[in-house]
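The values are calculated or read from the model by the stated rules, or taken from the named source; none is laboratory data. None of these values were measured; they are calculated from a predicted model. Positions of Cβ are generated from backbone atoms using ideal geometry, with glycine treated the same way; all protein chains shown enter the neighbour counts.
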Amino acid sequence: NETLEAEASMFSFEAVSAGVDGTHHVAKGYRADILISWGDPVMGDAPEFDANHQTPEAQEKQFGYNNDSIGFLPLPRGSKNPDHGLLVVNHEYTSRKLMFPDHKPKKEKKADYGLRLCQVEMAAHGLSILEIEKNRNGRWQTVRFSPYNRRITPLRSVLDISGPAAGDARMQTKYDPDGFHVIGTLNNCAGSITPWGTFLTAEENFNGYFLGHKKDHPDRLKLKRYGIPGKWFDWGKHDSRFNIDMEPNEPNRFGWIVEVDPYNPNARPVKRTALGRFKHEGAGIVLNADGRVVVYSADDQQGEYLYKFVSYKAYDDHDRRANFSLLDEGTLYVAKLDHIGNLDWLPLVYGHAGLNEENGFNSQADVLIDTRLAADLVGATPLDRPEDVVPNPENNHVYLMLPGVEARANEGRILELIPPQGDHTALQYRWDLLLQTNVKATTHKHRRKTDPKPDKQGLKKDWFVAPDNCAVDGQGRLWVTTDQGEYWGRSGSADGIWAVETQGRKKGAARMFFRVPVGAEMAGPAFTPDDKTMFIAVQHPGSDGAKDYPPFARESTFSDPVTRWPDFNSKQPPRPSVVVVVKKDGGVVGS
Ligand code: FEO
Ligand code: CA
Ligand code: CA
Ligand code: CA
């Protein structure tokens with residue numbers, strides 16, 4: 001019966017086993033090489049990385065921290081070249097304890113030193129754009145002096161703001177009295193490539209970067225709905241932009257989808273306000289049969305919502321410039337789901353469904369800046385931490401990752417959203433459960449302090465928990481990355497990337513293809529047009545959960561990290577890195 005089994009599967013590799021150690025593991029028959037790590041040069045003239053004396057000036061020319069979503073764009077533009085292209089990489093956030101030898105400096109040098117730390121952190125956020133190519137030996141490498149190479153950071157880069165909220169009074173600040181420009185993009189999580197060859201990058205947990213007291217703030221209830229000020233970073237001590245008492249409107253300028261044109265190194269990235277403001281996990285774009293584009297995006301927090309944007313105008317294959325305004329005009333919808341598989345899309349339009357002055361909305365700009373409040377009002381359905389949502393152009397189904405809340409991470413699910421006749425502009429869909437994550441592997445006590453030891457007895461070989469990001473490859477196959485956060489001890493395994501069956505008898509079955517080192521989270525992935533190269537991001541190696549679970553069970557720091565992946569150099573901390581995976585025989589990844 002083995003033939004039948006094989007026929008039913010969309011993949012044919014041997015699963016990587018569950019487990020946790022200091023390095024990465026890939027399926028047998030594959031090679032996993034490091035392409036670029038935190039601190040490596042992006043700009044040709046970047047200084048050599050020195051983890052012990054990192055500076056903002058060096059960092060803004062080097063690869064940033066915590067690489068997350070990746071996009072591959074072939075060169076030349078418009079081709080399907082699988083061997084040469086541009087890689088766009090999000091740098092979601094920074095991990096101070098692992099980045100700096102002295103992250104809690106003594107009082108006397110605090111002011112200046114603290115400022116420098118913040119500036120390094122800012123320069124390590126944002127995006128990297130890199131030209132990459134396969135060399136004569138068939139190995140991928142970065143092109144050091146490429147004119148495409150670029151860093152976009154919240155330290156210095158100027159971005160444009162467009163769409164209905166651009167220029168609104170609530171978007172204006174002291175340094176930008178017109179409300180059309182902003183310095184930087186923050187907490188860039190997932191993203192996708194548009195049909196016209198730009199990259200959409202999602203600003204997620206932007207609330208965490210603000211300090212201040214919202215007590216006297218004119219919009220304090222609105223701030224509260226977004227968790228502002230989140231106070232995760234102390235940038236606001238050194239830069240008034242990040243203090244809401246000094247710049248009350250600055251938080252309104254983050255939490256958007258940003259469009260970047262990697263093919264034009266001089267083009268300013270643009271915040272597209274028509275897509276709404278929330279903790280955007282990602283942006284999954286699809287070209288609808290009628291030529292309009294639809295962007296799916298979820299708000300990653302417990303009890304938040306799922307959205308889609310439908311463009312007003314159609315995509316033009318012959319006029320690239322015309323497509324640059326597609327995401328400025330259209331309708332934003334929020335999802336309402338029932339328990340029997342129906343999904344309604346509710347429009348968020350000023351003047352409709354109570355989105356008016358009576359309820360605090362004076363314009364479409366208000367509806368977009370306060371998207372969460374607008375969605376509350378129209379009756380959207382709260383979801384279990386909705387993360388990535390990605391359309392599959394092969395069958396026009398849309399996959400939605402619901403990792404579950406931390407307290408019950410074993411109840412993660414992947415939903416399949418089904419538009420009628422594949423029409424992504426439709427207002428009524430069906431939804432179905434693609435898979436429910438493996439409960440058996442995670443029946444350990446939920447309180448990590450009281451039960452740090454994973455019980456290996458209950459561990460199934462195909463455990464699968466906390467689906468976070470996903471990608472659909474050129475053949476319509478689904479790849480899902482996991483993020484258990486601090487709780488990987490419950491499953492007894494580090495995170496990884498999983499191949500998930502989406503059709504046939506095995507629908508919903510998952511097997512691990514790649515496993516990250518201890519404390520890391522799996523992100524990415526992206527494929528070349530021939531599906532023969534997979535780019536993945538190993539985020540924060542040596543970080544999450546190390547102190548709670550044997551055999552590590554200690555705080556992981558710069559000087560004493562639980563792993564020094566990928567260099568294993570005793571003078572260097574672990575480094576988030578992009579990994580290139582290819583099949584040794586040159587075949588399609590996963591085949
Ligand atoms: Fe950046 Fe929701 O993960
Ligand atoms: Ca995520
Ligand atoms: Ca993530
Ligand atoms: Ca996550």
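Details
- Some residue of region 181-196 being at pLDDT 95 or above and touching a Cys at 6+ places or on another chain (Cβ under 8 Å): no
- Restricting attention to region 563-572, the residues being crowded, with 20+ Cβ neighbours inside 10 Å and touching a Lys or Arg at 6+ places or on another chain (Cβ under 7 Å) number 1.
Conditions (1) modelled with pLDDT of 95 or more; (2) surrounded by 23 or more Cβ atoms within 10 Å (Cβ to Cβ); (3) closer than 15 Å to C470 by Cβ, marked per residue:
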residue: P391; (1), (2), (3): yes, yes, yes
residue: V398; (1), (2), (3): yes, yes, yes
residue: V405; (1), (2), (3): no, no, no
residue: R408; (1), (2), (3): no, no, no
residue: I418; (1), (2), (3): yes, no, no
residue: G422; (1), (2), (3): yes, no, no
residue: D432; (1), (2), (3): yes, no, no
residue: R447; (1), (2), (3): no, no, no
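- The lone exception for G208 - which of (1) part of a helix (DSSP H, G or I); (2) more than 18 Å from the chain's Cα centre (by Cα) it fails: (2)
- Within region 242-258, one or more residues are surrounded by fewer than 18 Cβ atoms within 10 Å (Cβ to Cβ) and either among the aliphatic types (A, V, I, L, M) or on the phi < 0 side of the Ramachandran plot (or both).
- Being more than 16 Å from ligand 3 (Cβ to nearest atom) and either closer than 18 Å to I36 by Cβ or part of a loop (DSSP other than H, G, I, E, B) (or both) is a description that applies to R136.
- Within region 75-91, at least one residue is assigned to a strand (DSSP E or B) and surrounded by fewer than 22 Cβ atoms within 10 Å (Cβ to Cβ).
- Residues that are among the charged types (D, E, K, R), within 13 Å of A267 (Cβ to Cβ) and part of a loop (DSSP other than H, G, I, E, B), drawn from region 144-154: none
- Residues that are among the hydroxyl-bearing types (S, T, Y) and either more than 20 Å from L346 (Cβ to Cβ) or within 16 Å of ligand 1 (Cβ to nearest atom) (or both), drawn from region 376-399: Y399
This table checks each residue for (1) at pLDDT 95 or above; (2) within 16 Å of ligand 2 (Cβ to nearest atom); (3) closer than 18 Å to D544 by Cβ.
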residue	(1), (2), (3)
N469	yes, yes, yes
T481	yes, yes, yes
Q484	no, yes, yes
Y487	no, yes, yes
R490	no, no, yes
S493	no, no, yes
K506	no, no, no
A509	no, no, no
R515	yes, no, yes
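- Residues that are touching a helix residue (DSSP H, G or I) at 6+ places or on another chain (Cβ under 7 Å) and free of Cβ contacts under 8 Å to residues at least 24 places away in the same chain within region 262-291 are absent altogether.
- Here region 179-205 is the region considered, the condition is being assigned to a strand (DSSP E or B) and not hydrophobic (A, V, I, L, M, F, W, C), and the residue that is surrounded by the fewest Cβ atoms within 10 Å (Cβ to Cβ) is H181.
- Of the criteria (1) more than 16 Å from ligand 3 (Cβ to nearest atom); (2) of a type in the set (D, E, K, R); (3) under 24 Å from the mean Cα position of the chain (by Cα); (4) farther than 19 Å from F199 by Cβ, which one E304 fails: (1)
- Residue satisfying all of: in region 24-47; among the charged types (D, E, K, R) and touching a residue at least 24 places away in the same chain (Cβ under 8 Å); surrounded by the fewest Cβ atoms within 10 Å (Cβ to Cβ) among these: R31
Let's see how each residue does on (1) among the basic types (K, R); (2) assigned to a strand (DSSP E or B):
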| position | (1), (2) |
| --- | --- |
| C118 | no, no |
| E131 | no, yes |
| R156 | yes, no |
| L159 | no, yes |
| P164 | no, no |
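- Taking (1) more than 16 Å from ligand 2 (Cβ to nearest atom); (2) in a loop (DSSP other than H, G, I, E, B); (3) buried (at least 24 other Cβ atoms within 10 Å of the Cβ) in turn, K271 satisfies each apart from (2).
- Hits in region 213-226 (condition: free of Cβ contacts under 8 Å to residues at least 24 places away in the same chain and either closer than 18 Å to V367 by Cβ or within 24 Å of the chain's Cα centre (by Cα) (or both)): L221, K224
- Cross-chain or 6+ apart pairs with Cβ under 6 Å, region 306-320 first and under 28 Å from E204 (Cα atoms) and touching a residue at least 60 places away in the same chain (Cβ under 8 Å), then aromatic (F, W, Y) and assigned to a strand (DSSP E or B): K308/Y296; K308/Y333
- Whether a residue is in contact (Cβ under 8 Å) with a residue 60 or more places away in the chain and more than 21 Å from the chain's Cα centre (by Cα) was assessed, and D168 passes this test.
- For region 213-232, taking the residues that are in a loop (DSSP other than H, G, I, E, B) and touching a Leu at 6+ places or on another chain (Cβ under 8 Å), the one that is modelled with the lowest pLDDT is identified as K214.
- Search result, residues across region 474-501 that are surrounded by fewer than 22 Cβ atoms within 10 Å (Cβ to Cβ) and away from ligand 3 (no atom under 16 Å from the Cβ): G474, Q475, G476, G492, E501
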